[in-house]
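*Asks:* Please see the structure below; I have some questions.
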Amino acid sequence: MRVRGWRIHRFGCFQDYEVADLPDGITIVYGANEAGKSTLHAFLRGVLFGFPTARSSERRLTHDGSPVGHIDLEIDGERLVVERKNASKQPVIVRRSDGSVGDEHVLHTLLGNADSKLFRAVFAFSLRELQDFGSLNADQVRDRMFSATLGAGRTTPAAASDELSERA
């Protein structure tokens, strides 16, 4: 999956903010404190996996029911637009290059069944997650990477081995 750009209608400090035609390779977002780096990260994660609810511990940056924006993606050579509003009744809309429109299930499938936790751990992470990685030793890094391949931190190699031994 490649993020090719985004259009933010209204989210946190952003209003009518657009980036298009990002190049191949790694994209690093940098800027001064309070420039909106974490807000952009929250926007991308929110469009892909849903925005925090009132019950969530995550900070809410949207206005109920308002158009939030969309992300332009490329997955396996296909260009897609993923759009989401901040309303529980409004599902995600996936506009495919052939003109068809998909839903949450289509997006989940296109993302290889990745969830928000895997996205945070492998594909995009904030300074807070990066600081967490800095405090890990080599075995913990291996365990996190292994667990990400199993579905975003559900188990470690040692726990998987113990569970298999117990079942045997």
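*Asks:* Any idea of the accessible area per residue across the stretch 1-45, 1.4 Å probe, to the nearest Å²?
*Replies:* Averaged over the residues of the stretch 1-45, the accessible area is 66 Å².
*Asks:* OK, next. What full-extension length gain, to one decimal in nm, is calculated for V19 and T109 as 0.36 nm per residue of separation minus the Cα-Cα distance?
*Replies:* 29.9 nm
*Asks:* I've got another one for you. To one decimal place, what orientation-averaged projected area in nm² is obtained for the convex hull of the Cα set of the stretch 1-43?
*Replies:* 3.3
The values are calculated or read from the model by the stated rules, or taken from the named source; none is laboratory data. All of these numbers come straight from a predicted model, not from anything done at the bench. Side chains included, ligands, DNA and RNA excluded: accessible areas come from the protein's heavy atoms. Shrake-Rupley method; radii C 1.70, N 1.55, O 1.52, S 1.80 Å.
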